[in-house]
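Take a look at the structure below.
The values are calculated or read from the model by the stated rules, or taken from the named source; none is laboratory data. This one's a predicted model, so the numbers in the text were calculated from it and none came from an experiment. All Cβ positions, even for glycine, are placed from backbone atoms using ideal geometry, and neighbour counts span all protein chains on display.
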Amino acid sequence: MLKVSSQDKVYELAFDSADRNQGTLNGESFQLDSTSPYPNAYKVTRNNETYHVELVKADWDTKELTVRVNGFKHELKVKDKFDLWLEEMGMGDLTVIKISDVKAPMPGLVLDILVEPGQTVSKGDSLMVLEAMKMENSIKSPADGVIKEILVERGNALEKNTVMMTFE
């Protein structure tokens, strides 16, 4: 069984083990027709109604999908039986990376600081620019978080593993 969330709605989706083109959605049967001439497009029949479903984008690492149903776009978050089991055991946030600080990956000179304390950042956001061996290196956030304190200033020369900033 899968649990699929879309904004404030949650659906339980289960595929038939013998025929993966049918199953149930919140206990009601559906039939999937994957003979569409378009890639990632399907016809789904449920309660004698046909829906045209297109998979627009899928991030299989985060289990987030964007689908278009009859022309309307929906953002979905999918949890499989393993995710549900981890939640049941109280370990549902194991995939969330928690960081406390960002350290200099190499010796260098701080050229620019792109964030400030209290700012919320996402994984991959640029935090600062560090010059090392005449090359500018963008230091990126390793996870989502909020900047607590910046411990360096522009122009500081840093050694490798110097703590540059902390997170809340």
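Look at segment 70-86: where a residue is over 15 Å from Val10 (Cβ atoms), no partner that is polar (S, T, N, Q) and modelled with pLDDT under 90 sits 6+ places away or on another chain with Cβ atoms under 7 Å. When segment 117-156 is filtered for residues that are among the aliphatic types (A, V, I, L, M), assigned to a strand (DSSP E or B) and closer than 12 Å to Met106 by Cβ, the ones remaining, listed by number, are Leu130, Ala132, Met135, Ile139.
Within segment 10-62, work out how many residues are acidic (Asp, Glu) and touching a Phe, Trp or Tyr at 6+ places or on another chain (Cβ under 8 Å).
Residues that pass the stated criteria total 2.
Would you pick out the residues in segment 33-47 that are under 20 Å from Val10 (Cα atoms) and surrounded by 10 or more Cβ atoms within 10 Å (Cβ to Cβ)?
Selection gives Val44, Thr45, Arg46.
Quick test for you: out of Thr50, Thr120, pick the one residue that is among the polar types (S, T, N, Q), in the same structural domain as Ser6 (by TED's automatic domain parsing) and surrounded by fewer than 15 Cβ atoms within 10 Å (Cβ to Cβ).
Exactly one residue qualifies, and that residue is Thr50.
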